[in-house]
Amino acid sequence: MMPLLMIAALIALVWGISFLRFGRIQGILLAVLIAGCVFGPAFFSVSVLSLDRALLGVALVWFVVAWRTGLNDPKPIALTDIVVFAWALALLANVAFHEPKYADNLPVTRLLFYYLLPISMYWLARQTAWSPGWLRMVYGVFACFGLYLAVTAVCEAKGMHSLVFPRYIVSPLHEEFFGRGRGPLLNPSGNGIYLSVCFASLLALWPRANKLGRIGIVFAALVQLAGFYATLTRCVWLAAAGIIMLLVAKTFPSQMRKVAVASLIVMGLVGVAIKGESLVRFKRDKNVSEADMAKSAELRPLLAYVAMQMFADHPIDGVGLGRYKKFDSPYLANRNSGLVLENARPYVQHNVILSLMTETGLLGTVPFLVLLIHWAMIGLRLYDNRSLALEERQLGLILLCLLIGYLANGMFQDVSIIPMVHMLLMFFTGAATGLAVKRTVSHRNQGWQQKSAPPQSVGEPVSV
């Protein structure tokens, strides 16, 4: 084990020096998101060290060096940042006061890898300068990455395993969701959230593309839509529908917008009316029957009932992060509810908000809900601000698409425990928050300069 650790440390050091010397933090952060998705712990890790975590460490070192040398892009603290830090403190306190060593240190592990490291990504992305050129690169990288995810998902669903890379994606050792387009995250909902960003990023390239480029974008969009479908997951389909609706409502010309939105709604209603039964009962996983698939929809009310009962008994600080399974047994044994709660015994919570409520109570849930609302407002304000560069406005729209993907899947899965999902969320929310703060400060400074400028004399030419 020690030689492997030394080799991993040497590789991380070499890559770190290269990035620090020749790279930029923007590229490092992108590398963290891509490497964490494809080459994360499921691909290779030594103890808790994986490639994406080593790269995140490089980014933190780069940030400290840039901060000490004045090369970063500092911005004043905003209300959103205060809420993020308050949320982090609430989660830290929750783990500290609720048996952190439970189940082989599960609360500490979940806190570190699913919350604190993503929050560090938020701060890095927030304090980084995102010029229109860098934003175009971000959109291009995710547009290309979406093609990889979509093709991989289709190959998984069609059984063409020889075309899937890395090989662990189709390994029989990972049985859950096998047969669906679960992607390198081994979870179709996680795959769908990444595809949400990739699809929006691809369409962000449309305004500056020539005729040949737009033909390629249309083809790539169809491939990515096939990737959404190949996940064979209803909440992913719901997210894709919501994203398409948002993009149509925000980007189509005003004279076409109402007709297009109405047409999409009618098509959706007709599709549900015709295929409603098959949407509930259809075979998805290789090792699960259609009857089992139908039961999965019936589990949600049971789990929601248990969550509300647990929350009622522990409303302030919950039962402790990562400790849901320690406390759910008495609630599942309740015979007075009129529900067959025993059917939900093998499962964890299937709703990201209810999971947070049961484990962290109001102290951990309210700040997160406030953040989701505020991030959505930031996305809307960025896109609707006509004074910004096109790429800066598109960042707001992509953030809204990401939030749709996160919430649509989060209502039916606890997406907080899917690797890299919160890292992706915090990257885009951090970048959008930093851009919004910077533009607000710049606008105020321009207003102050205009007010303090000396009046022009009569006859002096007015500058335009």
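The values are calculated or read from the model by the stated rules, or taken from the named source; none is laboratory data. This one's a predicted model, so the numbers in the text were calculated from it and none came from an experiment. A quick note on method: Cβ atoms are made from the backbone with ideal geometry, for glycine too, and the neighbour counts reach across all protein chains shown. For accessibility, only protein heavy atoms count, side chains too; no ligands or nucleic acids. Shrake-Rupley method; radii C 1.70, N 1.55, O 1.52, S 1.80 Å.
Please label the shape of segment 97-148 as rounded, prolate or oblate, based on the square roots a ≥ b ≥ c of the eigenvalues of the alpha-carbon gyration tensor (a/c under 1.5 means rounded; beyond that, a/b larger than b/c means prolate, else oblate). Present the calculation step by step, with values, prior to reporting the outcome.
Numbers: a/c = 7.75, a/b = 2.22, b/c = 3.50.
Because a/c hits 1.5 or more and a/b fails to exceed b/c, segment 97-148 counts as oblate.
Which whole-number percentage describes the relative contact order of segment 309-421, with Cα contacts under 8 Å and a sequence gap of 6 or more?
Values: 122 pairs, mean separation 32.6, N = 113.
For segment 309-421, the relative contact order is 29 percent.
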Can you compute the modelled spin-label distance between Leu339 and Phe219, with each label point 7 Å from Cα toward Cβ, in nm? 5.0 nm
Amide H to amide H, which residues 5 or more places from Arg180 or on other chains are under 5 Å from it, using H placed in the peptide plane? Lys286
Decide, for segment 298-431, between rounded, prolate and oblate: order the square roots of the alpha carbon gyration tensor eigenvalues as a ≥ b ≥ c, take rounded if a/c falls under 1.5, and otherwise choose prolate if a/b is larger than b/c, else oblate. prolate
Show me 214-227, 34-47 ranked by packing, highest mean number of other Cβ atoms within 10 Å first. 34-47, 214-227
Gain in length, Lys325 to Trp237, computed as 0.36 nm per residue apart minus the alpha-carbon separation, to one decimal in nm? 28.7 nm
Could you let me know the centre-to-centre spacing of segment 162-211 and segment 89-155, using Cα atoms, in angstrom? 17 Å
I'd like the carbon and sulfur percentage of the solvent accessible area for segment 344-412, probe radius 1.4 Å, heavy atoms only, ligands and nucleic acids excluded. 73 percent
